[in-house]
Amino acid sequence: MIEEIRSERVVLQDTRGDLRRKALEAPEGPGVYIFKGEGGEILYVGKARFLRNRVRSYFGQDLPPKTRAMMERATDVEFITADSEAEALILESNLVKKHKPRYNILLKDDKHYPYLRVGLADEWPGVTIARRMKKDGARYFGPYTRAGAVRETLKLLRKVFPYRTCKDTTFKTQTRPCLEYHLGRCPAPCAGLCSRDAYMETIEEVVRFLEGKHREVRDSLERRMKVRAESLDFEGAAKLRDQIRALDQIMSAQKAITADMKDRDVLGFHPYGEDGYVAVLVVREGRLLGREGFKLVGTRDEPLSEVLVAFIAQYYSSRAAAVPEEILVPDAGADTASLENLLRQVSGHSVKVLAPKRGFRKDLVDMAMDNARVLVSELVPLEERKKAENQKAMEDLARELGLPVLPRRIEGYDVSNTGGKDASASLVVLQDGKPDKSSYRRFKISLEEPNDYAMMEEALRRRFSRGLQERREGKSGKFSVFPDLILVDGGKGQVSVAAKVLRDLGLDIPVAGLAKKNEEIYLPSREDPLVLPRDSGALFLVMRLRNEAHRFALGYHRKLRSKRIRRSALDAVPGLGEERKKALLAHFGSVERIATASSEEIQKLPGIGPALAAKILEALSVKGAARGPDKKQS
């Protein structure tokens, strides 16, 4: 949404670092201010109705500890003006999500939460689990912070609504109804047993169900049942009757907590240490559908109203379908107009943000606050146990390997190839025992011969040469941070290669290798491998890293291999452009399925006539013959 906002960027350069003068020269109107540290690191992003007044307040005497620490690191400030405070709030939300500044309140791991995706843009939509929202015409519901909640929701959907669950490639080649049809859980559109209009009617009810409009869905099902019965389609009416009964069971299990039948979210907050936890009670049509919980990082010393504004802006800004007509909070601050403007722009309808002081709305907020406290009691012990386990594992690993420092950052490397082709290497990172996926990197290896040692050497040399270059140039790039330990997938040979690369580059970083067969650890300074106890936390730590490196490398290798196979097969077809290649692969799912299709099936795609279809089949049949018979058939 940043690009949609007409704003003027004002950067004030000052080699003396006189931030106070910059504050005096700040624009007077609404906008965003960005404090930066040494090397251009973004420390904090804030919004203000009056930029100059807000930024000048950072030079007062009674600053909170976090703000004082931030100002001690700040060397520069940048301003982006906006037309209104609502636009400034949108800018702030997007910049915080993009840069994740150290001193902002951050919604923790939001991008990893699962969503339910309804592919409305597809010809025959299904419901799937997605980790990221895309602009693909689909509807996304969530996020769900508990995997059990996703599974339970899917289970409820399958109980009430019949829709397809097969993959697109299976659906396009299926000609007979599968078991799901005979169990009454799919109308078999693949076999032509269901019209698209009837199917889309079911999908629309799925969407309304996920929106929480259960009463509306029930009324729709009841109307359809009566129509079927009046037209003497008693079998169809009986199926709809069973759907209504299943929906009634779900509705009876939900707690009705308000009589006004409104859709609302109720937020509660509870602090813990440097951070805090937000509980979101989802109320639709007056019924409590469930609770989701989220961790907010960096909330200490922040006013409750600012914490909740940060959460609402980050949580709802990319979820137009999830914004209800009312959001209840324990403290809304002095001005909710800009927040309501943001939510109206996101959702397309008016939204009220209320901090009730009495009545049933206040009771709902109190319930949400209680749930936030329960959330802390549930999640904090789990987080602390994991943190303690990771700490002990790192201490055990440092002791067993004789490391000079605690291996807080461990980098794992692996290579993957098929006979030397489509070779790839992976770099994955554990930071304090937890995956740091933002630091993952992958390398396309230039070698085309099967030599795992040379491939590992190329990956390591490229990684650390680039890191040394960034350090010499004074850049804080993606490779400039070096690890406390390097772990390679393999034995003595891979460890020797890694040690050689580090010697050549003049680096002193501990190296170890983990061999798959017996989970033995190889070190450059030892002839015999080190064998850790099978229940050792240190062994589990390096095994987890090794397996993650293998998964990441293999995934990239498969992507490269699939791309090569697809291109080489279809590039042999004269007159076939890129768009038609994509359309063929999207429709049939693979080159093999195209080769076994009939000319009439291929001609159904736009822009492909009889002559081009014949060329496609001829080219693919020649390639198949050159490849030879399949082993299973020979």
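Would you check if there is a residue in region 298-308 being farther than 11 Å from Ala372 by Cβ, in contact with a Gly (Cβ under 6 Å, 6 or more places away or on another chain), assigned by TED's automatic domain parsing to the domain that holds Ala372 and crowded, with 22+ Cβ neighbours inside 10 Å? For region 298-308, residues farther than 11 Å from Ala372 by Cβ, in contact with a Gly (Cβ under 6 Å, 6 or more places away or on another chain), assigned by TED's automatic domain parsing to the domain that holds Ala372 and crowded, with 22+ Cβ neighbours inside 10 Å: present.
A quick yes/no check of all residues on (1) within 30 Å of Glu38 (Cα to Cα); (2) in a loop (DSSP other than H, G, I, E, B):
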residue	(1), (2)
Pro450	no, yes
Lys475	yes, yes
Lys478	yes, yes
Gln494	no, no
Val497	no, no
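Here Arg385 passes the criteria (1) free of Cβ contacts under 8 Å to residues at least 12 places away in the same chain; (2) assigned to a loop (DSSP other than H, G, I, E, B) except the one numbered (2). Just to be sure I understand, how many residues within region 331-354 are on the phi > 0 side of the Ramachandran plot and buried (at least 20 other Cβ atoms within 10 Å of the Cβ)? Of the residues in that region, 0 qualify. Among the residues that make up region 121-139, is at least one of them assigned to a helix (DSSP H, G or I), loosely packed, with under 13 Cβ neighbours inside 10 Å, over 20 Å from the mean Cα position of the chain (by Cα) and not acidic (Asp, Glu)? Within region 121-139, none of the residues are assigned to a helix (DSSP H, G or I), loosely packed, with under 13 Cβ neighbours inside 10 Å, over 20 Å from the mean Cα position of the chain (by Cα) and not acidic (Asp, Glu). Residues in region 33-58 that are of a type outside the set (Gly, Ala, Ser), part of a loop (DSSP other than H, G, I, E, B) and within 34 Å of the chain's Cα centre (by Cα): Glu41, Arg49. Taking the stated definitions as given, is Leu554 touching a helix residue (DSSP H, G or I) at 6+ places or on another chain (Cβ under 9 Å), of a type in the set (A, V, I, L, M, F, W, C), at pLDDT 85 or above and more than 28 Å from Gln174 (Cβ to Cβ)? Taking the combined requirement at face value, the residue does not satisfy it. Within region 525-545, one or more residues are over 19 Å from Ala425 (Cβ atoms), in a strand (DSSP E or B) and touching a strand residue (DSSP E or B) at 6+ places or on another chain (Cβ under 8 Å). The residue that is nearest to Val32 (Cα to Cα), counting only those in region 82-120 that are in a loop (DSSP other than H, G, I, E, B) and touching a Ser or Thr at 6+ places or on another chain (Cβ under 8 Å), is Ala82. Taking into account only those residues within region 529-565 that are surrounded by fewer than 17 Cβ atoms within 10 Å (Cβ to Cβ) and aliphatic (A, V, I, L, M), which is nearest to the chain's Cα centre (by Cα)? Ranking the candidates gives Leu554 first. Tallying residues that are hydrophobic (A, V, I, L, M, F, W, C), surrounded by 14 or more Cβ atoms within 10 Å (Cβ to Cβ) and more than 17 Å from Pro125 (Cβ to Cβ) within region 162-190 yields 1.
Can you pull out every residue in region 64-81 that is out of contact with any Phe, Trp or Tyr (no Cβ under 6 Å at 6 or more places or on another chain), surrounded by 15 or more Cβ atoms within 10 Å (Cβ to Cβ) and outside any helix (DSSP H, G or I)? Those that are out of contact with any Phe, Trp or Tyr (no Cβ under 6 Å at 6 or more places or on another chain), surrounded by 15 or more Cβ atoms within 10 Å (Cβ to Cβ) and outside any helix (DSSP H, G or I): Thr75, Asp76, Glu78, Ile80, Thr81.
Do we find that Val511 is surrounded by fewer than 16 Cβ atoms within 10 Å (Cβ to Cβ) and among the aliphatic types (A, V, I, L, M) in this structure? Answer is no for this residue.
Being under 20 Å from Gly276 (Cα atoms), of a type in the set (Lys, Arg), out of contact with any Lys or Arg (no Cβ under 7 Å at 6 or more places or on another chain) and not assigned by TED's automatic domain parsing to the domain that holds Leu304 is a description that applies to Lys100. Gln61 passes every criterion in (1) free of Cβ contacts under 8 Å to residues at least 24 places away in the same chain; (2) assigned to a helix (DSSP H, G or I); (3) more than 28 Å from Asn341 (Cβ to Cβ) apart from (2).
Of the set (1) surrounded by 13 or more Cβ atoms within 10 Å (Cβ to Cβ); (2) over 22 Å from Thr175 (Cβ atoms); (3) modelled with pLDDT under 80, all apply to Gly575 but (1). Taking the listed residues Leu485, Leu468, Leu507, the one that is touching a residue at least 60 places away in the same chain (Cβ under 8 Å), closer than 28 Å to Glu38 by Cβ and in the same structural domain as Gln431 (by TED's automatic domain parsing) is Leu485, with no other qualifying. Answer yes or no: is there a residue in region 63-71 that is among the charged types (D, E, K, R) and in contact with a helix residue (DSSP H, G or I) (Cβ under 9 Å, 6 or more places away or on another chain). Checked region 63-71: no residue is among the charged types (D, E, K, R) and in contact with a helix residue (DSSP H, G or I) (Cβ under 9 Å, 6 or more places away or on another chain).
Filtering Ala279, Ala310 for residues that are in a strand (DSSP E or B) and at pLDDT 80 or above leaves a single hit, Ala279.
From the list Leu560, Leu570, Leu585, Leu507, the one residue that fits, being modelled with pLDDT of 90 or more, under 29 Å from Ser426 (Cβ atoms) and not aromatic (Phe, Trp, Tyr), is Leu507.
Do we have Val376 as surrounded by 15 or more Cβ atoms within 10 Å (Cβ to Cβ), within 24 Å of the chain's Cα centre (by Cα), part of a helix (DSSP H, G or I) and not small (Gly, Ala, Ser) here? When the stated conditions are applied, Val376 passes them.
Does region 411-428 contain at least one residue that is assigned to a helix (DSSP H, G or I), surrounded by 22 or more Cβ atoms within 10 Å (Cβ to Cβ), in contact with a Pro (Cβ under 7 Å, 6 or more places away or on another chain) and not acidic (Asp, Glu)? So far as region 411-428 goes, no, none of its residues is assigned to a helix (DSSP H, G or I), surrounded by 22 or more Cβ atoms within 10 Å (Cβ to Cβ), in contact with a Pro (Cβ under 7 Å, 6 or more places away or on another chain) and not acidic (Asp, Glu).
The values are calculated or read from the model by the stated rules, or taken from the named source; none is laboratory data. All figures in this text were calculated on a predicted structure; none of them were measured in a lab. Positions of Cβ are backbone-derived with ideal geometry, glycine not excepted, and every protein chain shown enters the neighbour counts.
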